[in-house]
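Novice: Handing you a structure now.
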Amino acid sequence: MKKTGKPIVDQHHQTFESIRQFDADGNEYWMARQLARVLEYSEYRHFLPVIERAKEACRNSGHPEADHFEDVLDMVEIGSGAKRQVTDIHLSRYACYLIVQNGDPAKPVIANGQTYFALQTRRQELRDNETFARLSEDDKRLAIRNELATHNKHLAAAAKDAGVETPLDYAIFQDHGYKGLYGGRGAKDIHSAKGLKKSQKILDHMGSTELAANLFRATQTEEKLRRDHVRGKQKANQTHFEVGQKVRQTIADLGGTMPEFLPTPEASIQQIEKSKKKLEKKK
């Protein structure tokens, strides 16, 4: 990797973008052999087991493997202008996401790839989902908040398996995630900045963009706790903090607004739900 004076995470994300290609229909894809080099695998054969694990994860998630992993033949130079035919794979963005999730997290480029492809995949899913795109801001908030409530249960279970057992332990664990995502600001700081009453929950007073960032934080932390077999409260807390930091860095790399600077909606989730119930009764 050349030294450009830019943060290493920027270099990695730019590299992932630079090897992205498009087919005749405008569909984006990545070549497996190119991705292997970017992810710093010395030989392609060492990368193949990672691809197989990603394919298995794809099947287990209910996605058709053929939609994301397409075997192709490619011509490569072998010196002196000569070329030979080799097997390669066209990878979708989702396939790349699964690959980096199954790669060696000790490599900085893998860790940065996990945040890059996860967030980009999530954004693509939302763009592709026309129903979601047509939703009002209130409906988007309700949808993401409900999804976040479900994933927070999964996160709590993963944290408990890691050794985060008591309610106080879990509050501290959650605070670490917020501090990573919000640039050092904990739950109390966020609560205060939003001007909320003691009984009000910060997640119920977030817009859809802020909720989406927190959903990403929760899902990625749960995955990392389980994938890395994290054990011990301190390690779990540090994992949550680091994931929060990576999500924050990815938002910055994509030119997004930091979560602490996003506006607090006037209506809470509960107020929106109440209004919807009233409308339904009138129908």
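Novice: If each residue's Cβ is checked for other Cβ atoms within 10 Å, how do 75, 31 rank with the fewest at the top?
Specialist: Going from sparsest to densest Cβ surroundings: 75, 31.
Novice: Could you tell me how many degrees, from 0 to 90 and to the nearest 10, lie between the Cα long axis of helix 208-227 and the main elongation axis, the longest principal axis, of the Cα atoms of the chain?
Specialist: Value to nearest ten degrees: 60.
Novice: How long is the gain from residue 169 to residue 238 if the chain were fully straight, where each residue apart is worth 0.36 nm and the alpha carbon distance is subtracted?
Specialist: Values: separation 69, 0.36 × 69 = 24.84 nm, distance 1.30 nm.
Length difference between fully extended and current span is 23.5 nm.
Novice: For residue 23 paired with residue 84, estimate the spin-label separation in nm (one decimal), with each label point 7 Å from Cα along the Cα-to-Cβ line.
Specialist: Rounded to a tenth, the inter-label distance reads 2.8 nm.
Novice: If we count other beta carbons within 10 Å of each Cβ, what is the order of 61, 192, 80, fewest first?
Specialist: 80, 61, 192
Novice: Also, quick follow-up: Given +1 on the Cβ of Lys and Arg, -1 on the Cβ of Asp and Glu, and no further charges, what dipole in debye does the chain carry about its Cα centre, rounded to the nearest 20? Walk me through the numbers before you get to the answer.
Specialist: Values: 46 positive and 40 negative charges, 255 e Å.
Here the chain has a charge dipole of around 1220 debye.
Novice: What residue among 25, 204, 71 shows peak mean-square fluctuation when the chain is described by a Gaussian network model with Cα springs under 10 Å?
Specialist: Evaluated over the chain, the most mobile residue of the options is 25.
Novice: Next up: By how many degrees, between 0 and 90 and to the nearest 10, does the Cα long axis of helix 233-253 differ from the longest principal axis of the chain?
Specialist: 70
Novice: As a test of the formula, what do you get for the chain when each DSSP H run with n ≥ 4 contributes -39,500 (n - 2.57) and the sum is divided by the residue count, at 222 nm and rounded to the nearest 500 deg cm²/dmol? Provide the component values of the computation, followed by the final result.
Specialist: Values: 12 runs with 173 residues, N = 283.
Value at 222 nm, helices only, nearest 500: -20000 deg cm²/dmol.
Novice: Taking other Cβ within 10 Å of each residue's Cβ, how do 198, 278 sort, fewest first? Kindly include the intermediate steps, with their values, before the conclusion.
Specialist: Working: 198 5, 278 9.
Fewest-to-most ranking of 198, 278: 198, 278.
Throughout, read-outs are computed from the coordinates displayed, never taken from laboratory work. Everything numeric in this text was worked out from a predicted model, so none of it was measured. Cβ coordinates were reconstructed from backbone atoms using ideal geometry, including for glycine residues, and neighbour counts include every protein chain displayed.
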